[in-house]
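Remarks on the structure that follows.
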Amino acid sequence: GKFFVLEGGEGSGKSSQIKKMREHFGGRLLITREPGGSPYAEEIRALILNSKNAKQAGAKTHFALFWAARADHMKNTIVPALARGEHVLCDRFDSSTYAYQVFAQEAGELKKFFWYMRMFYLGKNVPARYFFLDVEPQVGLARKRTQKGETLNHFDERDIAFHTRMRKGLLHFFKQVPHTIIDANPPFEVVTRSLIAQLEKHI
């Protein structure tokens, strides 16, 4: 199987597009997410995003928790699926750790360590391709605020400078891995068609 990642900043439509990919591809793609994607990793997700103390935690703490969740996710969900010959599409992955902790949380000292952790935890199971739904942070955050029933976590609620650094981190990461950037500014249906076309091409 092939391993793909869908990335996007807040308000890029990533979560809604994931639902569309599930509808379109059905059993052709195993769709999972990070943080989470396996029972224990989902427990760590709750700790990272929903704990009342999560916002005060620093980049090093979050960095360690994300990699811990990812190790379990890889062992119990992603690697077994790939071994069965299934294609996997993950909603966020190590690209988010690089963007959020190294860049947005301004922990540049973690940059070299990140690449060591990536090699140690992923080995040969690195994603074949990353797809990035790109939208300017101010546009994405404005969209996010108008979405009904949307529950924001402590990362979502941070200021525009944080999200600007996060986008910069994603773009920096993508220079170093196979990727496709998809403009997420057009109408939702247009972006859906572009994403399906790109996935079909690489599958």
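In percent, what relative contact order does the chain have, based on Cα pairs under 8 Å that are 6 or more apart in sequence? About 35 percent, as a whole number. Here the Gaussian network model covers the chain, with springs between Cα atoms less than 10 Å apart; of LYS60, LYS144, LYS124, LYS124 fluctuates the most. From largest to smallest, the equivalent ellipsoid semi-axes obtained for region 30-74 from the alpha-carbon gyration tensor read 19, 11, 7 Å. Taking only the alpha-carbon positions of the chain and ignoring solvent, what does the Debye formula give for the base-10 log of I(q)/I(0) at q = 0.15 Å⁻¹? Ignoring solvent entirely, the Cα scatterers give -0.94. Scanning residues 5 or more positions from ILE182 or on other chains, those with amide H under 5 Å from its amide H are PHE132, LEU133, ASP134, with H placed 1.01 Å from N in the peptide plane.
Towards the positive end of the charge dipole of the chain, with charges on Cβ (+1 Lys, Arg; -1 Asp, Glu), say which of TYR121, PHE63, VAL5 has the farthest Cα. Value computed over the given set: TYR121. Within the shell of other residues whose beta carbon sits under 13 angstrom from the beta carbon of ALA83, the net charge comes to +3, with Lys and Arg scored +1 and Asp and Glu -1.
Considering only SER51, SER15, SER95, the mean-square fluctuation computed in a Gaussian network model of the chain, springs between alpha carbons under 10 angstrom, is largest for SER51.
For the chain, what is the calculated [θ] at 222 nm in deg cm²/dmol (nearest 500), taking -39500 (n - 2.57) for each run of four or more DSSP H residues and dividing by its residue count? Don't skip to the end; give the middle numbers.
Working: 9 runs with 100 residues, N = 203.
Calculated mean residue ellipticity at 222 nm is -15000 deg cm²/dmol.
Within a straight-line Cα-Cα reach of under 15 Å, LYS175 can be paired with the following aspartates and glutamates, leaving aside sequence neighbours fewer than 8 residues apart in one chain: GLU7, ASP94, ASP134. With 0.36 nm allotted per residue and the present C-alpha distance subtracted, the THR164-VAL126 stretch has 11.1 nm of extension available. Result for the chain in a Gaussian network model with C-alpha springs under 10 Å: among MET74, MET21, MET119, the largest mean-square fluctuation is at MET119. When the pairs LYS19/LYS111; LYS14/LYS112; LYS75/LYS124; LYS14/LYS52 are compared against a 22 Å limit on Cα-Cα distance, LYS19/LYS111; LYS14/LYS112; LYS14/LYS52 fall above it.
Read-outs: derived from the displayed coordinates by stated rules, not from any lab. Quick caveat: nothing in here was measured; it's all calculated off a predicted structure. All Cβ positions, even for glycine, are placed from backbone atoms using ideal geometry, and neighbour counts span all protein chains on display.
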